[in-house]
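Scroll down for the structure; my scribbles are underneath it.
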Amino acid sequence: MTLNFDTGSPVTWVNPDCSKVPDERSREKEFCLKQPRYDPFTSNTAKIQNQALNLTYGRGSILGSYFTDDIRIGSVVAESATFGVAAASTEHEVGIFGAGKSPEGYPPTVLETLVSQGKINSHAFSVDLKSINETGQSKVVVDSATVVADVSQPQARWCLAASTRRNTRVW
């Protein structure tokens, strides 16, 4: 399953509504339609949670339910990890892997679950982004060694915001 890696969101969610991707974004809609779908009713370990999923982004929104289930990411498994399953969404062709820290009132993120289960040592992660001309795949790495995702689509340019106590820069 392909998810956007979102460093600012604490929520992982799956199953966007492909019919709500605007027609002028036909490539994205086609990509969405080819993605596998998560079906909690075919999993022996899925459990619905008593919390609604209701998110609004700068572009699009998501409505659905939270579930827990075992999630395999690379070589590690987050047991009973909490994530959202969209029943309705707008403007999204893929779900989101939320890598941000969960604020009070939110369920723990998948990375926080991996830490609490001793599968990784910390919530810290790094991103190895290769330029469009480099060979090999870009990767998202946690715990300094565990590859959790291969970035499949090379980009000609990446914008990353970094801040210090004195200023903020965008590269």
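The values are calculated or read from the model by the stated rules, or taken from the named source; none is laboratory data. Keep in mind that this is a model prediction, so the values were computed, not measured. Reconstructed Cβ throughout: ideal geometry from the backbone, glycine too, with neighbour counts over all protein chains shown. These accessible areas exclude ligands, DNA and RNA; they are computed on the full protein's heavy atoms, side chains included. Shrake-Rupley method; radii C 1.70, N 1.55, O 1.52, S 1.80 Å.
What are the residues in region 30-40 that are out of contact with any Cys (no Cβ under 6 Å at 6 or more places or on another chain) and closer than 18 Å to Ala88 by Cβ, if any? Steps first, answer last, please.
Let us first name the residues in region 30-40 that are out of contact with any Cys (no Cβ under 6 Å at 6 or more places or on another chain), namely 30-31, 34-40.
Residues satisfying the conditions are Gln35, Arg37, Tyr38, Asp39, Pro40.
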- line: If you go through Glu104, Glu134, the only one that is farther than 30 Å from Lys20 by Cβ, charged (D, E, K, R), at pLDDT below 85 and not in a strand (DSSP E or B) is Glu134
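For region 1-99, please list each of the strands (runs of 3 or more DSSP E) lying entirely inside it that holds at least 3 residues being over 16 Å from Glu112 (Cα atoms) and open to solvent by 80 Å² or more (accessible area, probe 1.4 Å). Don't jump to the end; show me each part of the working.
Values: elements: 3-6, 47-56, 61-73, 76-90, 95-98.
So the answer is 47-56.
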task: Starting from region 114-127, keep only residues that are under 12 Å from Val77 (Cα atoms), then list their pairs with residues that are part of a helix (DSSP H, G or I) and at pLDDT 85 or above whose Cβ atoms are within a distance under 6 Å, requiring at least 6 positions of separation or different chains.
output: Ile120/Leu114
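Would you confirm whether any residue within region 50-70 is closer than 20 Å to Asn121 by Cα and in contact with a Ser or Thr (Cβ under 8 Å, 6 or more places away or on another chain)?
Initial filter on region 50-70 (closer than 20 Å to Asn121 by Cα): 70.
Remaining after also requiring in contact with a Ser or Thr (Cβ under 8 Å, 6 or more places away or on another chain): 70.
Within region 50-70, one or more residues are closer than 20 Å to Asn121 by Cα and in contact with a Ser or Thr (Cβ under 8 Å, 6 or more places away or on another chain).
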task: Select from region 14-54 the residues that are of a type in the set (A, V, I, L, M, F, W, C) and within 17 Å of Arg72 (Cβ to Cβ) and list them in ascending order.
output: Val14, Ala46
